[in-house]
Structure formats: C-alpha cells, structure tokens
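Structure first, commentary second.
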Amino acid sequence: MDNQEAYQRAKRRVEAKIGFYIHLAVYVGVNILLIVINLSTSPQYIWFKWPLLGWGIGLFFHGMSIFVFSGKTFRGMKEKMIEKEMKRDSS
C-alpha cells in the first residue's frame, strides 16, 4: 500500500467522522428547538420524545458504523474484494 492509498483511506475515515459530528450537531439543535416548541405550545402533551427517539436510533446506528464497525463496513469489504480480484488478475 503506497502513501497515496493510505492518505485516501484516512481521508475517507475523517470525512465519515466529520459527517457524523455534523449529523450529531443538527440532531441536538433541531431537537432542542422541538423541545422548546413543544413545551411552549402544548406542555400537557409531550410529543418531542418521538422524533428524538426515532432520529436518535438513526444517529446511534450512524455512530456505530463510524466508530465501532469502521473496519467492517461494506466499503472495507469492497476494497478487500477489489484487492483479491487484482491479485487474481496478476497471477
């Protein structure tokens, strides 16, 4: 693996992490706004928990794919399969 390939892999990982942090910031900001709207308009019914929960599940899996399963993603599998095919073609 040469430096350019290592750089490209590192760049993809950093971009994925930045994408997650942007997702997290938008999640926090929008949900704070939803909480304020809910509590100021209809405090007798707490409905903000539903978008908070639904979006939170998506955010959780996004984070898992970035930080826990980063080496086992489909992109990683794709790269391994490409390397395997390249080795087979050079034989």
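A short reminder: the numbers here are calculations on the coordinates, not readings from a lab. As the structure is a computational prediction, the values presented were derived from the model and not from experiment. No Cβ is skipped: glycine too gets one built from the backbone with ideal geometry, and neighbour counts run over all protein chains shown.
Brief remarks follow.
- Nearest 10 degrees, 0 to 90: helix 49-63 Cα axis against the chain principal axis: 20 degrees
- Net charge dipole, the chain: roughly 180 debye, given to the nearest 20, about the Cα centre with Cβ charges of +1 for Lys and Arg and -1 for Asp and Glu.
- For the pair residue 40 and residue 84 in one chain, pulling the backbone fully straight at 0.36 nm per residue adds 10.0 nm over the alpha carbon distance.
- If the segment from residue 49 to residue 32 were pulled out straight at 0.36 nm per residue, it would be longer than the present Cα-Cα gap by 5.0 nm.
- Where labels lie 7 Å past Cα in the beta-carbon direction, separation of residue 57 and residue 5 in nm: 4.0 nm
- The chain: relative contact order in percent, alpha carbon pairs under 8 Å with at least 6 residues between: 28 percent
- Sorted ascending by nearby beta carbons within 10 Å, beginning with the fewest, 60, 20 become 60, 20.
- The angle between the Cα long axis of helix 3-41 and the main principal axis of the chain comes to about 10°, on a 0 to 90 degree scale.
- Shape of segment 1-70, Cα gyration tensor, a/c cut at 1.5: prolate
- Cα long-axis angle, helix 74-90 against the chain (0 to 90 degrees, to the nearest 10): 10 degrees
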